[in-house]
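In what follows, a single structure is set out as structure tokens and then discussed.
The values are calculated or read from the model by the stated rules, or taken from the named source; none is laboratory data. Note that this is a predicted model, so its numbers are computed, not measured. Cβ placement follows ideal geometry from the backbone for every residue including glycine, while neighbour counts extend to all protein chains displayed.
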Amino acid sequence: MTSEADKGAGPRHVAIIMDGNGRWAQSRGRPRLFGHHAGAKRVRQIVEACPDLGVKYLTIFAFSTENWKRTQVEVAGLMGLFRRYISKEARALKDEGVRVRFIGDRVRLDDKLVSLMDELELLTCENEKVHLTIALNYGGRDEVSRATKRLAQDVAAGRLDPADVDEETLPRYLDTCVLPDPDLVIRTSGEARISNFLLWQSAYAEYEFIDTLWPDFSPEIFAGLVGNYGKRDRRFGGVVA
Ligand code: IPE
Ligand code: IPE
Ligand code: MG
């Protein structure tokens with residue numbers, strides 16, 4: 001694919017590392033969880049902005065496999081927030097045509113949260129206006145490890161010939177198997193790292209690292225970044241004609 005084909009077109013799949021909730025709260029003298037609540041409120045507006053911007057897939061990083069290192073109070077607060085968020089937003093997501101999926105390892109999540117996640121996926125499974133994927137207990141290395149384990153099981157069981165394993169094979173075992181690769185990855189809060197997010201899938205994504213803290217991220221900022229994307233030359237290793 002050359003830049004000719006891509007220049008001017010918007011990103012079909014945007015992935016966001018929603019960072020900076022803690023600092024946003026701390027700068028107001030409030031506990032970190034106050035920032036997480038403010039951050040969660042932002043999500044709806046960004047999802048709603050997607051159709052007009054031509055963004056068909058939105059993937060958001062809500063909790064990483066490394067975030068268990070935080071205090072028990074913060075982790076428990078976040079898990080409670082996820083449960084309440086899903087219960088509260090389910091109806092609106094369904095009515096607005098949003099199809100919700102979760103990626104990440106569910107094994108470590110509590111049963112109540114996992115059943116809410118399953119229910120929301122089922123409730124919205126016929127929607128196709130926007131595909132919202134929420135990464136919860138997600139880590140790129142963990143995902144590739146789990147995928148490799150299942151691939152190895154298929155080899156051991158004689159269902160897969162190692163000679164047939166190529167770049168098309170492994171992604172079929174990833175949590176994102178039904179999603180296109182992200183075109184644009186945005187990280188808020190000024191950190192210029194990807195913190196184990198979508199490692200395989202973002203091999204050729206464009207990146208935007210912006211200083212705004214996630215609770216201050218707005219549909220206008222989002223639209224600006226989506227607009228910038230269209231100005232980039234995506235060469236995929238090729239040469240601009
Ligand atoms: C991102 O905000 C949300 C999660 C990681 C759950 P942070 O909580 O990392 O906020 P900062 O980076 O400490 O400001
Ligand atoms: C990445 O943010 C994870 C999420 C946004 C859920 P972190 O705040 O956990 O990342 P680091 O610790 O700055 O790398
Ligand atoms: Mg952070």
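Key figures
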| quantity | calculated |
| --- | --- |
| Condition check for Arg159: away from ligand 2 (no atom under 16 Å from the Cβ), loosely packed, with under 13 Cβ neighbours inside 10 Å, in a loop (DSSP other than H, G, I, E, B) and among the charged types (D, E, K, R) | yes |
| Selection within the stretch 186-195 - part of a loop (DSSP other than H, G, I, E, B) and surrounded by 18 or more Cβ atoms within 10 Å (Cβ to Cβ) | Thr188, Ser189, Ile194 |
| Contacts under 9 angstrom Cβ, first residue in the stretch 69-83 being without any contact (Cβ under 8 Å) to a residue 12 or more places away in the chain, partner of a type in the set (S, T, N, Q) and surrounded by 13 or more Cβ atoms within 10 Å (Cβ to Cβ), 6 or more apart | Val75/Asn67 |
| Meets criteria (within 16 Å of ligand 2 (Cβ to nearest atom), closer than 15 Å to Gln201 by Cβ and not small (Gly, Ala, Ser)) for Asp175 | yes |
| Subset of the stretch 178-202 (residues that are under 17 Å from Gly104 (Cα atoms), away from ligand 3 (no atom under 16 Å from the Cβ) and of a type in the set (A, V, I, L, M)) | Val178, Leu179, Leu198, Leu199 |
| Looking only at the stretch 1-52, and only at residues there that are in a helix (DSSP H, G or I) and modelled with pLDDT under 95, the one that is nearest to ligand 3 (Cβ to nearest atom) | Asp6 |
| Some residue of the stretch 92-107 being within 16 Å of ligand 3 (Cβ to nearest atom) and either at pLDDT 95 or above or within 22 Å of Asn196 (Cβ to Cβ) (or both) | no |
| Top-ranked residue in the stretch 203-224 [being of a type outside the set (S, T, N, Q) and either within 16 Å of ligand 3 (Cβ to nearest atom) or modelled with pLDDT under 95 (or both); ranked as nearest to Ile46 (Cα to Cα)] | Phe217 |
| Any hit, the stretch 103-124, residues being among the hydroxyl-bearing types (Ser, Thr, Tyr), touching a Ser or Thr at 6+ places or on another chain (Cβ under 9 Å) and either in a helix (DSSP H, G or I) or within 12 Å of ligand 1 (Cβ to nearest atom) (or both) | no |
| Set Phe63, Phe82: member being within 16 Å of ligand 2 (Cβ to nearest atom) and either of a type in the set (Ser, Thr, Tyr) or outside any helix (DSSP H, G or I) (or both) | Phe63 |
